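The values are calculated or read from the model by the stated rules, or taken from the named source; none is laboratory data. If you're wondering where the values come from, they're calculated on a predicted model, not measured in any experiment. So basically every Cβ, Gly included, is an ideal-geometry build from the backbone, and we count neighbours across all protein chains shown.
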């Protein structure tokens, strides 16, 4: 039941409500990041899927280079989603397995293969890049190229 | 047990093996189709996800325009997959429902909303475009722009 | 907004569209491949499910020999799909696990049991055979018989 | 804890156990049924997937005719499974919808499209045929050809 006092407190609380500022990736930025990743892949003659997701893990952009294995159509966005939702590179999970911490395979959302890299701006994870198609360490190099290109464009 | 005669027959049968010729979409073509769809969407001030799949229903390309509802990230490729795997526009299913044929909602893979359009070259379905984000009839206009641009480029 | 110049550029870009040539399996070839696999299984008194999928991972043909475990009805096409979508025999995943690379169990689409073998023609993976029912190494022998019969018929 | 009396009762109970006799489809029969269905499809120039399942709903045989829509790879066995698990033709569900009983779309396993036909021998459903690829009434004609061929061979 509301009382006069309760109403007053409610007003006070609501007056203090303040939304959080965010910076977000967008399609234009995602296309530029993907172009940088594609250039790295072409340079190495690697065929890969490149996926870029937003802070919610939802795809902004995906492209499959010709002759890439179709399994990568699922894997690349899954790596990106894992990277953004755990706020870490998927390489960390691959390393954990290598260190004998096998239990993480039971954790929902874990994908223990390099190639998912978070996009970190001003200390916050605002998206991620996922790459799949070649060896996981190579996938990671392509994903890093996308993130590096953004950092460079932002002057960081 | 194999006999000499059995071996002979096997050879005779297998000598007749003949593969079927096909034509396939590729990333370069898919990017061009998506650019045509994006131009149509921008012209109309519509925010959409544009997805292009190959003959097997696997994504070649996906882009989400800024401010598009995130649900469309799943819907656009699902429309494309439905269009390619049923060899018809998803508008056909929307129409079937409008005509009272409700039973099709129980058929695996059916998606009864306009916006999935097959890519037909030389009488064969070789892929599809799926668009989602605005009214389904509007999604259909954007998807058609992608397919028309390819037909135009192929001189058909 | 479209301008005269924009329209011109669009035309110029789309004029370069070119589709990629492909060769595809068909039902006649798949039946012949399955017959070769079945002959190999009968010779060894093995009861198996034999599945053959196209480049997109979709079934063209499946048969279950009498007394085969019903689980293989799901496993055989899953092996074939894994082989075609990763462009490698599923034995590679079984070996990876044996080598201690446990992380791959978290990668979507991986099936770490021998018996899925890709069909490679002119350097491209155009489909796969999946066999399940006996020991995985035995499944692999039956699947290989199907692929070998095609290679033999194509004179390769 | 078992006692002398318990042991005696157990013996008595087990002596009365009697398994139920069954007749089952097998691969040889399934191939013959599929051949009859394929002949009917070819006669009508229809491209379809033909699936045959056992009493448990598990595939014995599946073939996809060239140029059949890939969606049918999932739909044909689903129709067969619905027919065997509900012991009725899937046409019954399509009719129910036509009669306004829309609620059945919420019933697990229902597939309201003609083309799934049970195989009934001596009053028992021992399997089913599922066909998909053309109009559902046409799918039903092809499925019936398979079942009719078996009935004819059994002299019924």
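Laid out as a table, the results:
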{"quantity": "Strands (runs of 3 or more DSSP E) within the range C:17-64 that include 1 or more residues at the interface with chain B (Cβ under 10 Å from one of its Cβ atoms)", "calculated": "C:20-24, C:49-54"}
{"quantity": "Some residue of the range B:88-105 being in contact with a helix residue (DSSP H, G or I) (Cβ under 6 Å, 6 or more places away or on another chain), without any contact (Cβ under 8 Å) to a residue 60 or more places away in the chain, surrounded by 24 or more Cβ atoms within 10 Å (Cβ to Cβ) and more than 17 Å from residue B:139 (Cα to Cα)", "calculated": "yes"}
{"quantity": "Meets criteria (under 20 Å from residue B:68 (Cβ atoms) and touching a helix residue (DSSP H, G or I) at 6+ places or on another chain (Cβ under 9 Å)) for residue A:55", "calculated": "yes"}
{"quantity": "Residue within the range C:119-139 that is touching a strand residue (DSSP E or B) at 6+ places or on another chain (Cβ under 8 Å), part of a loop (DSSP other than H, G, I, E, B) and modelled with pLDDT under 95 present", "calculated": "yes"}
{"quantity": "Flag if residue A:62 is closer than 24 Å to residue B:34 by Cα and touching a helix residue (DSSP H, G or I) at 6+ places or on another chain (Cβ under 6 Å)", "calculated": "no"}
{"quantity": "Residue match in the range C:67-81 (condition: away from chain B (no Cβ under 14 Å), in a helix (DSSP H, G or I), in contact (Cβ under 8 Å) with a residue 24 or more places away in the chain and surrounded by fewer than 20 Cβ atoms within 10 Å (Cβ to Cβ))", "calculated": "no"}
{"quantity": "The one condition in (1) in contact with a strand residue (DSSP E or B) (Cβ under 6 Å, 6 or more places away or on another chain); (2) in a strand (DSSP E or B) that residue B:143 fails to fulfil", "calculated": "(2)"}
{"quantity": "Filtered residues of the range C:54-65 (kept if surrounded by fewer than 24 Cβ atoms within 10 Å (Cβ to Cβ) and within 17 Å of residue C:135 (Cα to Cα))", "calculated": "C:65"}
{"quantity": "Verdict on residue D:42 being under 14 Å from the mean Cα position of the chain (by Cα) and within 20 Å of residue D:30 (Cα to Cα)", "calculated": "no"}
{"quantity": "Selection count, the range D:112-135, where residues are within 14 Å of another protein chain (Cβ to nearest Cβ) and buried (at least 24 other Cβ atoms within 10 Å of the Cβ)", "calculated": "10"}
{"quantity": "Filtered residue count, the range B:82-111, keeping only those that are more than 8 Å from chain D (Cβ to nearest Cβ), at positive phi and within 12 Å of the chain's Cα centre (by Cα)", "calculated": "0"}
